[in-house]
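Worksheet: the structure to be examined is printed underneath.
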Amino acid sequence: MNWKDIVSAGKSIGKVDSLDLQQSTRDGLEAVLVTKAAAGRPQEMALIAQTLEKVNTQADLKQIASDLGTVVAAMKVKEVPAKAVEETVTLTKAQFEEMKAELGK
């Protein structure tokens, strides 16, 4: 894309009040913006950024509410406390008898 095309597109985008796009389309534009920045193409990146400023995202509120309900339900689930674990110690018979004798004193 040459600079004249970029300037012309920038002027056209500047005249637009708003764009109605699905969230997936906006996500795609954001990905392209990052790609242009990484490729060292700042003019094209700026044009995409200017376009994104004009976007009114159309969100599926029913899906968002459902997802939020799932998150809230997961947060409300109480964590089951871990059972106390008894530690076992292995003693020889001689060690046991010695300990028994000490406790009996």
Helix 3-15 sits at what angle to the longest principal axis of the chain, using alpha carbons and giving 0 to 90 degrees rounded to 10? 80 degrees
So what is the 222 nm mean residue ellipticity for the chain from helices alone, if each DSSP H run of at least 4 adds -39500 (n - 2.57) and you divide by all residues, rounding to the nearest 500 deg cm²/dmol? -21000 deg cm²/dmol
Whichever aspartates and glutamates have a C-alpha closer than 15 Å to that of Lys36, once near sequence neighbours (fewer than 8 apart) are set aside: Asp27, Glu44
Cα axis of helix 42-53 to longest principal axis of the chain: angle in degrees, 0 to 90, nearest 10? 80 degrees
Give the cross-link partners of Lys15 among the aspartates and glutamates, using a straight C-alpha distance below 14 Å as the criterion and excluding same-chain residues fewer than 8 apart. Glu53
Where only C-alpha atoms are counted, convex hull volume of the chain per residue in Å³: 245 Å³
Using only Cα atoms, tell me the angle between helix 93-104 and the longest principal axis of the chain; keep it within 0 to 90° and round to the nearest 10. 80 degrees
Asp27-Glu97 pseudo-label distance in nm [points 7 Å out on the Cα-to-Cβ vector]: 7.3 nm
Ranked by GNM mean-square fluctuation in the chain (Cα springs under 10 Å), the top entry among Thr51, Thr92, Thr35 is Thr92
For the pair Glu53/Ala39, report the inter-label distance in nm, with labels modelled 7 Å from Cα in the Cβ direction. 2.3 nm
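Throughout, read-outs are computed from the coordinates displayed, never taken from laboratory work. Because the structure is predicted, anything quoted here is derived from the model rather than measured. Quick reminder, even Gly has a Cβ in these numbers, built from the backbone with ideal geometry, and neighbours come from all protein chains shown.
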